[in-house]
């Protein structure tokens, strides 16, 4: 079963335009995420799914320069764009990752992928039925055939923009496996959605003494606590 990571990334953002290519310590945020996912043990590759509007030419250019696979699709149909990427690269399953999660712990991606293959479920997630991991540490792993069914059943605008609501709204139609963190820390932010988020992440990266991908979630939390104290 070929499983890859599909990273949703585009330049448009109401709160922080261009955030996916904002630089921290001389490196675009998207590069941090890709470098982490490339070190995941359970993944067969990484694909960046961006839109086909001119504004996102910059994302496609980054992918070419970095040697990262890129798929472009409709701006307003994110779910369709993700599905297009899975089809284009022949993925039997994939983990959906948001581009605003530059310090995602790749072990969480491995955990979701292993759960998907090990249980035969349709969807393995750490955000349902409740969020117990920080924002910026969310993973949702899908079998492609299950995602195809969910996409065909999508009816609400949010299903296309936010991708996964249809699966949780119709949870009785899908085999869903979840994993959680105890204690729950779903209110903690390791995501980059605002200038404040970017400032905190810049401090975290600046405090690192090893390659960033060596820092798992628990060490990232320690660095964050020191930076926001």
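Please treat every number below as a calculation from the coordinates, not as lab data. Here the structure is a predicted model, which is why all the values come from computation and not from measurement. Glycine gets a Cβ as well: all are built from the backbone with ideal geometry, and neighbour counts include every protein chain shown.
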In whole angstrom, the spacing between the Cα centers of region 123-182 and region 5-24 equals 22 Å
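Over the chain, calculate the relative contact order: mean separation of alpha carbon pairs under 8 Å at least 6 apart, over the residue count, as a percent.
On the way: 434 pairs, mean separation 50.2, N = 229.
Contact order relative to length: 22 percent.
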Sorted on mean Cβ neighbours within 10 Å (highest first), peptides 87-97, 120-130 come out as 87-97, 120-130
Among 197, 172, 44, the residue with the largest mean-square fluctuation in a Gaussian network model of the chain built from Cα contacts under 10 Å is 172
Which residue, 182, 219, 156, has the most motion in a Gaussian network model of the chain that connects Cα atoms within less than 10 Å?
182
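Roughly what % of DSSP beta bridges within region 1-127 run antiparallel, to the nearest 5? Before the final figure, lay out the partial values.
Details: 2 of 17 bridges.
Beta bridges within region 1-127, antiparallel portion: roughly 10 percent.
Could you work out the relative contact order of region 27-108? I mean the mean sequence separation of Cα pairs under 8 Å and 6+ apart, divided by the number of residues, in percent. Mind dumping the intermediate values first?
Details: 85 pairs, mean separation 30.1, N = 82.
Averaging sequence separation for qualifying contacts and normalising by length gives 37 percent for region 27-108.
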Can you give me the C-alpha center-to-center distance between region 69-102 and region 212-229, rounded to a whole angstrom?
28 Å
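Is the shape of region 112-223 rounded, prolate or oblate, going by the alpha carbon gyration tensor and its root eigenvalues a ≥ b ≥ c, with a/c under 1.5 for rounded and a/b larger than b/c for prolate?
Details: a/c = 2.47, a/b = 1.81, b/c = 1.36.
Prolate is the answer for region 112-223, as a/c is 1.5 or above and a/b outweighs b/c.
Considering only region 3-228, what is the antiparallel percent among its DSSP beta bridges, to the nearest 5? Could the numbers behind the result be given before it?
On the way: 9 of 28 bridges.
So the antiparallel bridges amount to about 30 percent of the total.
When a footprinting reagent is the concern and you count Cβ atoms within 10 Å, what order do 52, 159 take, fewest first? Kindly include the intermediate steps, with their values, before the conclusion.
Values: 52 13, 159 20.
The fewest-first ordering by Cβ neighbours comes to 52, 159.
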Highest-first arrangement of 110-118, 19-27, 134-142, where packing means the average Cβ count within 10 Å
134-142, 110-118, 19-27
Helix-derived mean residue ellipticity, 222 nm - over the chain, DSSP H n ≥ 4, -39500 (n - 2.57), to 500
-11000 deg cm²/dmol
